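Report on one structure; see the data block that follows.
Every read-out reported here was derived from the displayed coordinates using simple, explicitly stated rules and does not represent laboratory data. Predicted, not measured: the structure shown is a model, and the values here were computed from it. Glycine gets a Cβ as well: all are built from the backbone with ideal geometry, and neighbour counts include every protein chain shown.
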């Protein structure tokens with residue numbers, strides 16, 4: 001079955017990370033059956049890292065600040081996580097499914 005994405009819900013989660021008025025620094029996009037949906041979100045990167053376990057595949061959109069005291073810049077990254085225990089077929093599908101996530105995360 002072809003993978004789908006809940007674009008509206010994923011876009012809302014994505015915009016929370018992009019919005020300077022919120023403290024949300026990261027969001028995950030996970031699989032609910034054959035549909036990619038927003039997962040967890042938060043402000044602490046340690047919590048984000050704990051979501052990346054050996055048995056899951058997910059996409060993460062993170063916000064971080066870089067630079068020195070004189071020049072701070074906000075950067076964003078899209079992370080594809082495939083745990084070690086994920087099957088070969090699911091691994092292969094994750095690569096093609098990333099295209100769907102990229103349509104939301106611009």
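Any idea what diffusion coefficient the stretch 4-104 gets from Stokes-Einstein, in µm²/s, Kirkwood Rh on alpha carbon pairs, 37 °C, 0.692 mPa s? Estimated diffusion coefficient is 231 µm²/s.
Result for the chain in a Gaussian network model with C-alpha springs under 10 Å: among 30, 51, 75, the largest mean-square fluctuation is at 75. GNM remark for the chain: springs join alpha carbons under 10 Å apart, and the peak mean-square fluctuation among 73, 63, 50 falls on 73.
Put the Cα centre of the stretch 41-106 next to the Cα centre of the stretch 1-33 and the gap is 11 Å. For the modelled label position 7 Å from the Cα of residue 86 along Cα-to-Cβ, which residues of the stretch 1-32 have backbone nitrogen atoms closer than 13 Å? What the label zone holds, given the 13 Å backbone N cut-off, is 29-32.
Rounded to the nearest 10 degrees, the inclination of helix 7-18 to the longest alpha-carbon principal axis of the chain is 30 degrees.
The distance between label points at residue 2 and residue 21 comes to 3.7 nm (points 7 Å beyond Cα on the Cα→Cβ vector).
In terms of other Cβ atoms within 10 Å, 31, 14 run from fewest to most in the order 31, 14. Dividing the mean sequence gap of close Cα pairs (under 8 Å, 6+ apart) by how many residues the chain holds gives a relative contact order of 25 percent. Is the stretch 1-62 best put as rounded, prolate or oblate by its Cα gyration tensor, with a ≥ b ≥ c the root eigenvalues, rounded for a/c under 1.5, and otherwise prolate when a/b is larger than b/c, oblate when not? Judged from the Cα gyration tensor, the stretch 1-62 comes out oblate (a/c at least 1.5, b/c at or above a/b).
For the chain, the share of DSSP beta bridges that are antiparallel, to the nearest 5, is 90%. For the options 60, 42, 88, a Gaussian network treatment of the chain with springs between C-alpha atoms closer than 10 Å singles out 88 as fluctuating the most.
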